[in-house]
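Taking it in order: structure first as structure tokens, then the write-up.
The values are calculated or read from the model by the stated rules, or taken from the named source; none is laboratory data. Model, not experiment: these values are computed from the prediction. Reconstructed Cβ throughout: ideal geometry from the backbone, glycine too, with neighbour counts over all protein chains shown.
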Amino acid sequence: MVILLLALPPNATHMYQPLDVAVFKPFKAMVGDELESKLLSTADVQLSKKDAIQIACSAYETAIMDRPSNAVSGFRSTGLFPPSLINMTKRLRVYTNGGARGEIEKEAWLKRQRETVRLEARSEILTLPPAAETLGKRARLTVDIEGELVSNDALC
């Protein structure tokens with residue numbers, strides 16, 4: 001038996017998990033589709049345990065058990081077996097922009113000079129509110145009824 005070791009790019013192992021790519025992705029998509037159609041057909045926002053198990057079992061049977069070749073094709077499409085640099089780089093390119101299609105441009109605030117941003121942050125964001133004015137020691141307020149001071153004992 002021959003074991004081949006591959007060095008995968010750092011922080012890219014999620015792209016090269018063959019079961020996630022070819023087996024569980026179709027399963028999750030099928031569960032989502034069946035769940036959506038069930039909820040739309042019943043016009044109910046709740047799903048019983050029985051219905052959830054039926055949906056999961058049906059999707060498992062269709063997406064996983066009926067298609068064992070998906071597991072093999074998962075290894076092939078990720079480029080893990082047989083080892084294929086072409087397939088690996090193709091999968092890596094999918095995630096270069098965080099999975100978003102098209103060109104991603106930097107926003108205007110990212111293009112500004114670092115010092116400009118730092119000064120603006122200090123003046124606009126990191127300023128403290130003005131200190132409250134202190135009036136000095138306040139005179140104690142007293143309450144009297146018919147010329148006598150009212151105390152806590154008298155209130156009880």
Open item on the list: Against the condition within 32 Å of the chain's Cα centre (by Cα), at negative phi, at pLDDT 65 or above and part of a loop (DSSP other than H, G, I, E, B), how does T89 come out, does it pass?
Closed with: no
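Residue-wise test of (1) more than 19 Å from V94 (Cα to Cα); (2) at pLDDT 90 or above; (3) surrounded by 10 or more Cβ atoms within 10 Å (Cβ to Cβ).
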| position | (1), (2), (3) |
| --- | --- |
| P10 | no, no, no |
| V31 | yes, yes, yes |
| E34 | yes, yes, yes |
| S37 | yes, yes, yes |
| S41 | yes, yes, no |
| V45 | yes, no, no |
| D51 | yes, yes, yes |
| G74 | no, no, yes |
Open item on the list: Where the second residue is assigned to a helix (DSSP H, G or I) and acidic (D, E) and the first is farther than 10 Å from P26 by Cα and lies in segment 58-72, which pairs have Cβ atoms under 7 Å and are six or more apart or on separate chains?
Closed with: S58/E34
Open item on the list: Could you check segment 53-72 and list, in sequence order, the residues that are of a type in the set (D, E, K, R) and over 30 Å from L92 (Cα atoms)?
Closed with: E61
Task: Scope segment 40-86; condition under 30 Å from L5 (Cα atoms), among the charged types (D, E, K, R) and in a loop (DSSP other than H, G, I, E, B); matching residues - done: R67
